[in-house]
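See structure below.
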Protein chains: 2
Amino acid sequence: MSVDNSLLEAYNQTTFPLIGHSKRNIQILKEALNDSDESMDSDVYGKGKLIEDFQNNMAEYLGKESAVFFPSGTMAQQIALRIWCDKKGLKKVAYHPLCHLEIHEEDGLKELHHIESILLADHSRTVQLEDVLSMNEDVSCLLLELPQREIGGQLPDYADLEAISAYCREKGIMLHLDGARLFEILPYFQKSAAEICKLFDSVYVSFYKGIGGIAGAILAGDEAFTKESKVWKRRHGGDLISLYPYIISADYYFKQRLPKMGQYYEEARELAGFYNQCHAIITKPLVPVSNMFHVHLDVTKAKLEAILLAIYEETSIGLTPSIRELSESSCYFEVHIGERYANVPKAGIKQVFQMLDERIR
Amino acid sequence: MSVDNSLLEAYNQTTFPLIGHSKRNIQILKEALNDSDESMDSDVYGKGKLIEDFQNNMAEYLGKESAVFFPSGTMAQQIALRIWCDKKGLKKVAYHPLCHLEIHEEDGLKELHHIESILLADHSRTVQLEDVLSMNEDVSCLLLELPQREIGGQLPDYADLEAISAYCREKGIMLHLDGARLFEILPYFQKSAAEICKLFDSVYVSFYKGIGGIAGAILAGDEAFTKESKVWKRRHGGDLISLYPYIISADYYFKQRLPKMGQYYEEARELAGFYNQCHAIITKPLVPVSNMFHVHLDVTKAKLEAILLAIYEETSIGLTPSIRELSESSCYFEVHIGERYANVPKAGIKQVFQMLDERIR
């Protein structure tokens with residue numbers, strides 16, 4: 001067994017794991033289904049009350065003409081970019097170098113759609129107006145991820161966003177929102193989802209991050225756009241005869257947890273504060289702007305693992321299930337807040353951070 | 001409301017609809033989940049006991065080295081053909097003109113994978129050895145669908161299948177099985193699934209036709225093939241964080257209904273016999289070779305609808321929810337047998353066919 005696995009197992013055995021909502025087990029589906037009438041008809045190839053109601057509700061919530069439920073964001077976003085590229089007749093898009101499409105999709109965008117990517121900004125920051133202004137290549141579409149997950153969930157200034165949107169409209173560049181964690185940034189921006197989405201031509205949101213559903217995504221935009229997206233959904237093999245297990249759970253947890261995004265955000269700020277009081281630890285961003293952040297530590301991965309294993313054993317509080325090496329002498333891990341954090345005794349959390357601070361020196 | 005909808009609604013209101021297992025409602029998922037321990041861990045991006053156990057069981061059942069669970073057959077089959085085309089360096093495949101990839105997938109094979117299709121045989125019959133021998137173009141892969149759904153679920157002779165397989169092996173043409181209804185033909189062929197699959201290099205099977213699950217498919221082949229299929233599954237957006245709602249129901253109904261394929265097949269033969277005793281009606285095939293067949297009628301669609309609406313009303317037995325026009329004076333519909341047929345009183349069925357025979361004249 002690798003050391004990584006022992007940390008994961010020790011984390012899973014703590015009474016109080018700090019991250020997320022709950023264990024990913026089938027109780028999540030059972031709970032969502034308990035609420036549903038068993039005689040409710042399945043959706044059938046994208047049709048039927050169950051899927052259409054959810055799509056209509058999400059279109060309204062996001063302030064878009066129309067919305068389509070997809071099994072995955074990977075599928076939804078490739079398709080969005082393909083549609084915009086076809087519309088402009090230019091297979092080129094721009095996004096951040098740590099965009100999901102660039103690093104997590106086995107190059108589906110290039111291998112299936114033959115779309116070239118122009119990378120803006122760098123690993124330390126989000127895409128800003130300047131990056132867009134100084135692009136010296138024409139693109140069909142710019143994708144912005146809010147918040148930028150792989151750099152701890154950072155956000156651009158809202159004014160910068162508005163300026164990027166205005167510039168893109170002027171230049172005829174379609175603007176797509178990777179809103180995998182859009183619900184999670186509403187409390188910081190103090191905007192409605194529709195206000196933010198108004199800046200974009202198309203929007204993808206996910207239901208298994210902050211919402212904690214099982215899987216699935218919504219892609220929203222104007223009627224012509226979503227109509228074309230359904231054709232591509234079928235081509236990708238995503239037009240399943242029934243998507244209702246995902247839709248029912250998306251709907252159930254969306255209603256339950258959307259109102260709690262403010263709480264998760266406040267708790268993330270509190271927890272980041274605890275980390276930042278420790279020696280050799282800093283969070284990115286320093287003050288979270290959503291329910292997530294990254295914890296960077298100037299210690300070796302091996303040393304941190306040993307420290308955490310002992311702390312989990314002694315306190316039964318779990319900080320993270322895994323650690324990633326950054327260099328020979330530094331490492332980091334990701335934190336996102338859900339239902340669990342509120343259930344952990346504050347005194348225990350303070351004790352954990354005292355221990356961490358002492359042992360990491 | 002169109003006439004088509006009234007037939008569907010009248011069918012759904014009969015006490016004894018003859019086709020399939022049950023209504024497609026969420027009770028299907030609830031029943032499958034009742035059997036499962038709620039603390040069972042979700043699969044996570046294709047990993048975990050839940051998905052791996054099912055994949056291993058299916059690989060063994062199909063007699064293949066390895067198997068991968070896919071959200072849809074559309075995705076699985078495009079990927080299978082892509083892998084074989086890449087292996088041979090030739091983007092050309094052969095299949096029947098009514099192949100699912102040719103008529104139901106919005107040309108995903110062409111639009112996403114740029115694979116050209118050569119059409120063998122015609123609308124009246126299945127692909128035979130002669131068609132393969134007389135192909136005057138080189139192809140990477142031949143796809144055979146057993147049974148050929150769109151022509152009533154017809155099958156080639158088993159000896160012909162074996163000869164096609166031997167020829168393809170000799171010529172280096174990869175042979176792929178569209179086994180969407182493979183389980184359903186085992187009683188007729190009197191072969192195990194593994195015996196049939198042995199003739200093919202790759203195999204797709206579905207879990208929501210005869211099995212009656214919610215959605216999902218297995219793609220099986222050798223280790224190198226399935227490994228590559230997982231890369232393409234991610235590219236397509238099919239590598240969902242959790243596929244367990246489909247896997248649990250596939251597993252549950254597979255165990256329950258695989259042993260009943262013989263019964264469904266016998267019942268299909270019986271029901272086809274009733275149709276064939278009627279004036280102006282013939283089934284394709286004349287004697288079914290699986291649980292399905294098509295009913296062809298030498299009457300107008302409008303006349304048949306009127307007759308059926310009256311029969312459903314008078315007997316509360318439903319023959320079909322929909323009818324498709326073939327010409328100005330003929331039409332057809334599809335029948336597939338599942339759990340429902342055995343529950344319908346035989347006297348009622350005989351009465352229905354007496355009425356149908358009298359009124360269709």
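Restricting to helices (runs of 4 or more DSSP H) lying wholly in segment A:1-73: which have 3 or more residues that are modelled with pLDDT of 95 or more and under 26 Å from A:Gly238 (Cα atoms)?
Qualifying helices (runs of 4 or more DSSP H): A:27-34, A:49-62.
Return the pairs, sorted by first residue and then second, in which the second residue is in a helix (DSSP H, G or I) and among the basic types (Lys, Arg), the first residue lies in segment B:259-270 and is within 17 Å of B:Gly20 (Cβ to Cβ), the beta carbons are less than 9 Å apart, and the residues are 6+ apart or on different chains.
Listed pairs, sorted by first residue: B:Tyr264/B:Arg257.
Could you identify the single residue in B:Ser6, B:Ser22, B:Ser72 that is open to solvent by 20 Å² or more (accessible area, probe 1.4 Å), under 22 Å from the mean Cα position of the chain (by Cα) and among the polar types (S, T, N, Q)?
Just a single option satisfies the conditions, and that option is B:Ser22.
State whether the residues of segment A:225-247 include one that is within 14 Å of chain B (Cβ to nearest Cβ), open to solvent by 40 Å² or more (accessible area, probe 1.4 Å) and not basic (Lys, Arg).
yes
Anything in segment B:112-144 that is within 14 Å of chain A (Cβ to nearest Cβ), out of contact with any Cys (no Cβ under 7 Å at 6 or more places or on another chain) and buried (at least 17 other Cβ atoms within 10 Å of the Cβ)? List them, or say none. Before the answer, list the steps.
Looking only at segment B:112-144, we keep the residues that are within 14 Å of chain A (Cβ to nearest Cβ), and these are B:112-115.
Next, from what is left, pick out any that are out of contact with any Cys (no Cβ under 7 Å at 6 or more places or on another chain): B:112-114.
Those that are within 14 Å of chain A (Cβ to nearest Cβ), out of contact with any Cys (no Cβ under 7 Å at 6 or more places or on another chain) and buried (at least 17 other Cβ atoms within 10 Å of the Cβ): B:Leu112, B:His113.
Only residues that are open to solvent by 80 Å² or more (accessible area, probe 1.4 Å) and either in contact with a helix residue (DSSP H, G or I) (Cβ under 9 Å, 6 or more places away or on another chain) or at the interface with chain B (Cβ under 10 Å from one of its Cβ atoms) (or both): list them for segment A:45-57, please. Before you say what the answer is, go through the steps one by one.
Taking segment A:45-57 as the starting set, the residues that turn out to be open to solvent by 80 Å² or more (accessible area, probe 1.4 Å) are A:45, A:47, A:49, A:56-57.
Those that are open to solvent by 80 Å² or more (accessible area, probe 1.4 Å) and either in contact with a helix residue (DSSP H, G or I) (Cβ under 9 Å, 6 or more places away or on another chain) or at the interface with chain B (Cβ under 10 Å from one of its Cβ atoms) (or both): A:Tyr45, A:Asn57.
Of the residues A:Leu98, A:Leu109, A:Leu62, only one is open to solvent by less than 20 Å² (accessible area, probe 1.4 Å) and over 15 Å from A:Ser202 (Cα atoms); which?
On inspection, the qualifying residue turns out to be A:Leu109.
Which ranges mark the helices (runs of 4 or more DSSP H) fully within segment B:102-199 that have 2 or more residues being more than 22 Å from the chain's Cα centre (by Cα), over 27 Å from A:Ile241 (Cα atoms) and charged (D, E, K, R)?
In segment B:102-199, B:129-133, B:158-171 are the helices (runs of 4 or more DSSP H) which contain 2 or more residues that are more than 22 Å from the chain's Cα centre (by Cα), over 27 Å from A:Ile241 (Cα atoms) and charged (D, E, K, R).
Out of all the residues in segment B:25-35, which are open to solvent by 20 Å² or more (accessible area, probe 1.4 Å) and not basic (Lys, Arg)?
Once the filter is applied, which keeps residues that are open to solvent by 20 Å² or more (accessible area, probe 1.4 Å) and not basic (Lys, Arg), segment B:25-35 yields B:Asn25, B:Gln27, B:Ile28, B:Glu31, B:Asn34, B:Asp35.
Among B:Pro187, B:Pro147, which is surrounded by fewer than 22 Cβ atoms within 10 Å (Cβ to Cβ) and either closer than 18 Å to B:Phe293 by Cα or without any contact (Cβ under 8 Å) to a residue 12 or more places away in the chain (or both)?
Residue meeting the stated conditions: B:Pro187.
If only one of A:Ile248, A:Ile241, A:Ile173, A:Ile211 is within 21 Å of A:Tyr95 (Cα to Cα) and either assigned by TED's automatic domain parsing to the domain that holds A:His100 or touching a residue at least 12 places away in the same chain (Cβ under 8 Å) (or both), which one is it?
A:Ile173
Could you go through segment A:150-165 and let me know if any residue there is surrounded by 20 or more Cβ atoms within 10 Å (Cβ to Cβ), in contact (Cβ under 8 Å) with a residue 24 or more places away in the chain and of a type in the set (D, E, K, R).
no
Would you be able to say whether some residue in segment A:287-305 is open to solvent by 10 Å² or more (accessible area, probe 1.4 Å) and of a type in the set (Ser, Thr, Tyr)?
There is at least one residue in segment A:287-305 that is open to solvent by 10 Å² or more (accessible area, probe 1.4 Å) and of a type in the set (Ser, Thr, Tyr).
Sort through B:Ser66, B:Ser72, B:Ser42 and tell me the only one that's touching a Ser or Thr at 6+ places or on another chain (Cβ under 7 Å) and either more than 19 Å from B:Leu175 (Cα to Cα) or within 9 Å of chain A (Cβ to nearest Cβ) (or both). Give the steps one after another, and end with the answer.
Values: B:Ser66 fails: either more than 19 Å from B:Leu175 (Cα to Cα) or within 9 Å of chain A (Cβ to nearest Cβ) (or both); B:Ser72 fails: touching a Ser or Thr at 6+ places or on another chain (Cβ under 7 Å).
Going through B:Ser66, B:Ser72, B:Ser42 in turn, the sole match is B:Ser42.
Results for (1) open to solvent by less than 60 Å² (accessible area, probe 1.4 Å); (2) not polar (S, T, N, Q), shown as yes or no for each residue.
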| position | (1), (2) |
| --- | --- |
| A:Pro321 | yes, yes |
| A:Leu326 | no, yes |
| A:Ser330 | yes, no |
| A:Phe333 | yes, yes |
| A:Lys346 | no, yes |
| A:Val352 | yes, yes |
| A:Met355 | yes, yes |
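Considering only segment B:59-72, I want to know if a residue exists there that is in contact with a Pro (Cβ under 6 Å, 6 or more places away or on another chain) and within 19 Å of B:Asp138 (Cβ to Cβ).
Scanning segment B:59-72, I find no residue that is in contact with a Pro (Cβ under 6 Å, 6 or more places away or on another chain) and within 19 Å of B:Asp138 (Cβ to Cβ), so the answer is no.
Residue under question is A:Asp131, and the condition is that it be farther than 26 Å from A:Gln55 by Cβ, at pLDDT 95 or above, of a type in the set (Asp, Glu) and in contact with a strand residue (DSSP E or B) (Cβ under 8 Å, 6 or more places away or on another chain); does it hold?
No, not satisfied.
Does any residue of segment B:275-285 turn out to be open to solvent by 60 Å² or more (accessible area, probe 1.4 Å), assigned to a helix (DSSP H, G or I) and polar (S, T, N, Q)?
Residues of segment B:275-285 that are open to solvent by 60 Å² or more (accessible area, probe 1.4 Å), as a first pass: B:277, B:279, B:282, B:284.
Retained after the next criterion (residues that are assigned to a helix (DSSP H, G or I)): none.
Looking for residues that are open to solvent by 60 Å² or more (accessible area, probe 1.4 Å), assigned to a helix (DSSP H, G or I) and polar (S, T, N, Q), one finds none in segment B:275-285, hence no.
In the list A:Phe54, A:Phe70, A:Phe16, which residue meets the criterion of being touching a Lys or Arg at 6+ places or on another chain (Cβ under 7 Å) and either hydrophobic (A, V, I, L, M, F, W, C) or more than 22 Å from A:Glu339 (Cα to Cα) (or both)?
The match here is A:Phe70.
Identify all residues within segment B:203-224 that are at the interface with chain A (Cβ under 7 Å from one of its Cβ atoms) and open to solvent by 10 Å² or more (accessible area, probe 1.4 Å); write none if there are none.
Across segment B:203-224, the qualifying residue is only B:Tyr208.
The values are calculated or read from the model by the stated rules, or taken from the named source; none is laboratory data. Small disclaimer: the values here were computed from a predicted structure and weren't measured. Note that we place each Cβ from the backbone using ideal geometry, even for glycine, and neighbour counts take in every protein chain shown. Side chains are part of the model used for accessible areas, which takes the heavy atoms of the whole protein and leaves out ligands, DNA and RNA. Shrake-Rupley method; radii C 1.70, N 1.55, O 1.52, S 1.80 Å.
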